[in-house]
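Just below is one structure, and these are the notes that go with it.
The values are calculated or read from the model by the stated rules, or taken from the named source; none is laboratory data. Because the structure is a prediction, the values reported are computed rather than measured. Glycine also receives a Cβ, built like all others from the backbone with ideal geometry; neighbour counts cover every protein chain displayed. For accessibility, only protein heavy atoms count, side chains too; no ligands or nucleic acids. Shrake-Rupley method; radii C 1.70, N 1.55, O 1.52, S 1.80 Å.
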Amino acid sequence: TKTISKCYVQVTGMTCASCVANIERNLRREDGIHSILVALMAGKAEVRYNPAVIQPAAIAELIRELGFGATVMENCGEGDGVLELVVRGMTCASCVHKIESTLMKTNGVLYCSVALATNKAHVKYDPEVIGPRDVIQVIQDLGFTTSLVKKDRSASHLDHKQEIRQWKRSFVVSLVFCIPVMGLMIYMMVMDSQLSAAHAHRNMSDEEMEALHSSMVLEYQLLPGLSVMNFLSFLLCVPVQMFGGWHFYIQAYRALKHKTANMDVLIVLATSIAFVYSFVILLVAMAEKAKVNPVTFFDTPPMLFVFISLGRWLEHVAKGKTSEALARLISLQATEATIVTLGPDNVLLSEEQVDVELVQRGDIVKVIPGGKFPVDGRVIEGHSMVDESLITGEAMPVTKKPGNTVIAGSINQNGSLLISATHVGADTTLSQIVKLVEEAQTSKAPIQQFADKLSGYFVPCIVAVSVVTLFAWIIIGFVDFEVVEKYFLGYNKSISTAEVIIRFAFQASITVLCIACPCSLGLA
């Protein structure tokens, strides 16, 4: 039988469900990977793999290649205790050998490796037999100083502040430039409708009509073929394309590098094509010194970016809320514990302050009034009232006397207690709750998995559809020009039919791209 191991990888840079689908899809293809589950909120991937074929470091590397940040989370060996220590005072390889061989001889140590370059020691041990303090003691007896690698207790990976800031900035930039563009658009629409009304009333000749048209301020041509309207729209569009769309471009580039298409690719495609097409059309019009101003799409990118970046910003705010709840849970844990040694008849011999991570099963821990219980345990001596509302929700303090169990994170009220540790580290109730919340965020609703699957096929489909639209209209145009003439606004006799057809076909296909881009599926 193949042995299957499990590891957890911390993943950063995921924005939406299609990122998750992307990672899952690409990793499932790899040899030696059995299954993978990615949590968008917790930023965590749980991978079951065959250690004979692939190692966690390689798995993290695969995720990094997809354009995300990934680090292997060390506390993944269930059942085994894992210890990371900083060891000072090693000078050469023989020190390393000395530490390793001594530790391996020690009962209860399963695995140990010491790196001279980084001064780190990595120890796996059986918590039933030995604990972190014993391991540290063994190394210190050899004459080296050691300490725990400080764990990041602030849960900084659950912090979405930076993303929230970045999308907010994106949104604000796009919005500032979008409002004038929309204003111009609405003004043009109102003027156009007035014009056509005037036209309907007084059957004017086309010449008078043209005169009226060019008398409009925005249609005034700065240069032949370049109207005020188009020039302003162009000026307003450039900064949005550059600054508002910056993050989209980065993400889209990463996706395309790996031959996958996500929402970002669509957004970038739509806005870039609309922008480039409009720009080229303007240049052509100026070169032709056209009398009638061409139809441009400069209003599309700012508006699209406004909607999408607003969506992303709200999404990150929501994620931040959920993650904040997790971070609060994590912050309830005590950071230090007072460990005491008892003589006969429970006489206090000595006490010392240690990190919570160093508390071992069976240790006697003293909890003073007002202190938090660092670990789950059983009361040996003392009477007190304990506030356990963080677990039970019960506001009334609970009486504790010898033999009662206590829960990590709850608050001791009036008496001093001595407890014997039963669950430490990742096994305490609080750690398990945190783990459950993280896992709950990892497991996806079936409908969500379906949506992820769809979004993988969605982008190529839309691109295909818009290309089909383009060619369909070109063919229709050359076969039956009247159809195009009927629908193409701003058609005038001065342009060749071929050019009219191509312009119209482009307009149609860009419209398809732009409409499909902020699709409700992606936003939802």
**Request:** Along Cα→Cβ, 7 Å out, is where each label goes; now give me the distance between the ones at Leu223 and Arg328 in nm to one decimal.
**Result:** 5.9 nm
**Request:** Would you work out if the range 53-139 is rounded, prolate or oblate? Take a ≥ b ≥ c from the square roots of the eigenvalues of the alpha-carbon gyration tensor; rounded if a/c is under 1.5, else prolate when a/b is larger than b/c, oblate otherwise.
**Result:** oblate
**Prompt:** Pick the calculated semi-axes √(5λ) of the Cα gyration tensor in Å for this structure from (1) 39, 27, 22; (2) 48, 38, 20; (3) 67, 26, 19?
**Reply:** (3)
**Item:** At R0 = 22 Å, FRET efficiency that the Cβ-Cβ distance of Ile186 and Phe307 yields, to 0.05
**Value:** 0.80
**Request:** Calculate how steeply helix 246-257 sits against the longest principal axis of the alpha-carbon atoms of the chain, using the helix alpha-carbon long axis, and give the answer as 0 to 90 degrees to the nearest 10.
**Result:** 80 degrees
**Prompt:** Once both axes come from the Cα atoms, what is the angle between helix 161-201 and the longest principal axis of the chain, in degrees from 0 to 90, rounded to 10?
**Reply:** 20 degrees
**Asked** What is the spin-label model distance, in nm, from Ser496 to Asn414 if the labels are put 7 Å beyond Cα along the C-beta direction?
**Response** 9.8 nm
**Item:** Relative contact order (percent, whole number), the chain, Cα cutoff 8 Å, 6+ residue spacing
**Value:** 13 percent
**Prompt:** Ignoring ligands, DNA and RNA, what percent of the accessible area of the range 5-72 is carbon or sulfur (1.4 Å)?
**Reply:** 52 percent
**Request:** At 0.36 nm per residue, minus the direct Cα-Cα distance, what do Glu30 and Ser113 gain on full extension? Give it in nm, one decimal, please.
**Result:** 27.1 nm
**Fill in**
In nm, the gap between the two label points placed 7 Å beyond Cα toward Cβ at Ser5 and Thr392 is 4.2 nm
**Message:** Nearest 500 deg cm²/dmol is fine: what mean residue ellipticity at 222 nm does the chain get from its DSSP H runs of n ≥ 4 alone, each adding -39,500 (n - 2.57), divided by its residue count?
**Reply:** -16500 deg cm²/dmol
**Request:** Would you mind checking the tilt of helix 263-288 against the longest principal axis of the Cα atoms of the chain, expressed as 0 to 90 degrees and rounded to 10?
**Result:** 30 degrees
**Request:** Give the accessible surface of the chain per residue, rounded to a whole number of Å², with probe radius 1.4 Å and ligands, DNA and RNA excluded.
**Result:** 51 Å²
